[in-house]
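Written out below as structure tokens is the structure these notes cover.
The values are calculated or read from the model by the stated rules, or taken from the named source; none is laboratory data. Quick caveat: nothing in here was measured; it's all calculated off a predicted structure. Note: ideal-geometry Cβ built from the backbone for every residue, glycine included; neighbour counts use all protein chains shown.
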Amino acid sequence: SKPSVLFVCVHNAGRSQMAAGFMRHLGAGRVTVFSAGSEPANEINPSAVAVMQEVGIDIASAQPQLWTMEMLEAVDVVVTMGCGDACPFLPGKKYVDWPLKDPAGQGVVNVRPIRDEIKKLVEDLLAQIA
């Protein structure tokens, strides 16, 4: 069966959405991808959308959403990004924490290095699971 990943951050508007975008793109259908937050924002961070468009990945239509137990139960790997104790935990799942800067309120220039770091982390994770 296909490996599956849940990317979780606080607002599900930047880091987790960029990670999900990269995993869908680079995984090319080999990985089931979920993205969610502990306190979802109202919309995707416009700087995150812009920097992903620069590399040919469109996340503009994504909607921030709250993580659910169903998502958690459905995945093999949970990648957390700065949500601390608000991140979901279920025994038996593989957890990876990515200590990334929060792109909230940042301009495109400051979000690019975060995007590039996320891409490398996604590539490494993809090599391990798919």
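Quick notes
- Count - residues of segment 83-114 that are among the charged types (D, E, K, R) and out of contact with any Asp or Glu (no Cβ under 8 Å at 6 or more places or on another chain): 4
- The criterion of at least 2 residues that are surrounded by 12 or more Cβ atoms within 10 Å (Cβ to Cβ) and of a type in the set (Gly, Ala, Ser) is met by the following helices (runs of 4 or more DSSP H) wholly inside segment 32-130: 46-54.
- Residue, nearest to Ala13 (Cα to Cα), within segment 66-118, restricted to residues that are polar (S, T, N, Q) and over 12 Å from the mean Cα position of the chain (by Cα): Gln106
- Flag if Ala130 is within 19 Å of Leu6 (Cα to Cα), small (Gly, Ala, Ser) and more than 12 Å from the chain's Cα centre (by Cα): yes
- Complete set of residues in segment 20-54 that are touching a Gly at 6+ places or on another chain (Cβ under 9 Å) and β-branched (Val, Ile, Thr): Val33, Ile44
- Residue that is touching a helix residue (DSSP H, G or I) at 6+ places or on another chain (Cβ under 7 Å) and within 21 Å of Pro99 (Cα to Cα), where the choices are Ala36, Ala86, Ala60: Ala36
- Residues of segment 1-31 classified as of a type in the set (Val, Ile, Thr), part of a loop (DSSP other than H, G, I, E, B) and at pLDDT 95 or above, total: 1
- Those residues of segment 13-48 which are aliphatic (A, V, I, L, M) and over 20 Å from Thr80 (Cα atoms), in sequence order: Ala28
- Pair list, Cβ < 9 Å and 6+ apart or interchain, from segment 36-56 residues that are in contact (Cβ under 8 Å) with a residue 60 or more places away in the chain to residues that are aromatic (Phe, Trp, Tyr): Met52/Phe22; Val55/Phe22
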